[in-house]
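First the structure, in the form of structure tokens, and then the observations on it.
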Amino acid sequence: MIERLLPDDVSCAATREETVPDGTLFPEEEALMARSVAKRRNDFATARACARRAMAGLGLPPVAVLHGHRGKPLWPEGIVGSLTHCHGYRAAALAREQDVLSLGIDAEPHAPLPEGVRELVTLPAERERIGPQAEEGSGALHWDRVLFSAKESVFKTWYPVTGVELDFVEADLTMHQENDPGGGGTPGAARGTFTARLLLTDPALPTTLRGRWRIEDGVIATAVLVRPNWREEGGD
């Protein structure tokens with residue numbers, strides 16, 4: 001599903017599997033997970049397995065993917081990318097930095113946010129905008145979770161370039177749903193785009209980021225991508 005949200009020069013890999021065979025992780029990765037509970041280890045390992053498949057799509061050999069502050073994946077030189085995992089879905093997206101400045105992906109279960117979370121991660125204006133959408137025949141589309149996932153993708157795009165924390169309420173998102181769900185007959189499928197107006201700015205990135213979202217088989221996927229020449233393309 002992630003590959004439908006990103007251009008062809010981004011190598012994507014995903015799986016619905018919750019576990020991977022023993023020996024999937026490199027020794028350095030095993031060391032990072034030595035004291036982790038089984039769920040954390042499985043999330044880490046399945047995402048790394050996807051990363052290795054995405055590397056192969058770029059013609060790269062498999063290497064360990066360690067992480068830095070806030071879990072930022074440490075990619076091979078010249079590569080940018082993003083990882084995500086949720087129950088029932090794991091994915092990786094990688095590109096060469098000559099083609100892509102930064103990208104972020106996220107996956108979430110298509111279900112309402114836990115009670116009280118919506119108010120913590122959204123702005124009043126965002127809640128006002130998604131309220132009418134939910135009342136205009138969107139059915140069981142959980143806009144609060146789609147919005148949350150989109151903000152995660154925005155953060156994953158922002159942080160590797162700036163090295164600065166971006167709070168959920170420092171990006172004002174507007175969601176758009178496309179008329180044609182494009183699900184190919186998949187029950188509950190939907191798709192669309194979003195724009196994120198950054199309230200915390202940095203000269204390395206445009207003040208508005210644009211992304212895409214999609215829902216299939218109970219999973220929400222979102223993605224944001226910024227090109228190196230965003231200024232030449234009229235980015236603001």
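The values are calculated or read from the model by the stated rules, or taken from the named source; none is laboratory data. For clarity, every value in this text was computed on a predicted model and none was experimentally measured. Neighbour counts are summed over all protein chains in view; Cβ atoms, including those assigned to glycine, are modelled from backbone coordinates with ideal geometry. Quick note on the areas: whole protein, heavy atoms, side chains included, nothing else; ligands and nucleic acids left out. Shrake-Rupley method; radii C 1.70, N 1.55, O 1.52, S 1.80 Å.
When the residues of region 1-35 are filtered to those that are polar (S, T, N, Q) and over 17 Å from Arg214 (Cα atoms), which remaining residue is farthest from the chain's Cα centre (by Cα)? Steps first, please.
So the first thing to find is which residues in region 1-35 are polar (S, T, N, Q), and the list is 11, 15, 19, 24.
Add one more test, that the residue is over 17 Å from Arg214 (Cα atoms), and what stays is 11, 19, 24.
Working: Ser11: 14, Thr19: 20, Thr24: 23 Å.
By that ranking, first place goes to Thr24.
Looking at region 49-70, which of its residues are open to solvent by 70 Å² or more (accessible area, probe 1.4 Å) and over 18 Å from the mean Cα position of the chain (by Cα)?
Scanning region 49-70 gives Pro61, Pro62.
For the subset of region 194-230 comprising residues that are in a loop (DSSP other than H, G, I, E, B) and without any contact (Cβ under 8 Å) to a residue 24 or more places away in the chain, which member is most open to solvent (accessible area, probe 1.4 Å)?
Going through region 194-230, the residues in a loop (DSSP other than H, G, I, E, B) turn out to be 199-207, 217-218, 227-230.
Next cut, without any contact (Cβ under 8 Å) to a residue 24 or more places away in the chain only: 201, 203, 229.
On the way: Thr201: 87, Pro203: 106, Asn229: 56 Å².
The qualifying residue most open to solvent (accessible area, probe 1.4 Å) is Pro203.
Can you name the residue in region 75-96 that is among the hydrophobic types (A, V, I, L, M, F, W, C) and over 12 Å from Met55 (Cα atoms) and is also surrounded by the fewest Cβ atoms within 10 Å (Cβ to Cβ) among such residues?
Quick first cut of region 75-96, residues among the hydrophobic types (A, V, I, L, M, F, W, C) only: 75, 79-80, 83, 86, 91-95.
Subset that is over 12 Å from Met55 (Cα atoms): 83, 86, 91.
On the way: Leu83: 28, Cys86: 17, Ala91: 27.
That would be Cys86.
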**Report entry** Selection from region 1-48 of residues that are outside any strand (DSSP E or B), open to solvent by less than 30 Å² (accessible area, probe 1.4 Å) and among the small types (Gly, Ala, Ser)
**Finding:** Ala45, Ala47
Query raised in the report: Pairs, please: C-beta under 9 Å, at least 6 apart or cross-chain, first residue farther than 9 Å from Ala13 by Cα and of a type outside the set (Val, Ile, Thr) and in region 43-56, second open to solvent by 10 Å² or more (accessible area, probe 1.4 Å) and part of a helix (DSSP H, G or I)?
Result: Phe44/Leu32
Requested in this report: Consider Val161 carefully, then state whether it is part of a loop (DSSP other than H, G, I, E, B), in contact (Cβ under 8 Å) with a residue 60 or more places away in the chain and within 15 Å of Leu209 (Cβ to Cβ).
Outcome: no
Report summary line: Taking region 156-174 and keeping residues buried (at least 21 other Cβ atoms within 10 Å of the Cβ) and under 10 Å from Ala196 (Cβ atoms) leaves Thr157, Trp158, Ala171, Leu173
Report summary line: Of the residues in region 97-117, those that are open to solvent by 10 Å² or more (accessible area, probe 1.4 Å), out of contact with any Gly (no Cβ under 6 Å at 6 or more places or on another chain) and closer than 12 Å to Asp9 by Cα number 2
Requested in this report: Report yes if some residue within region 133-142 is at pLDDT 95 or above and surrounded by fewer than 15 Cβ atoms within 10 Å (Cβ to Cβ); otherwise report no.
Outcome: no
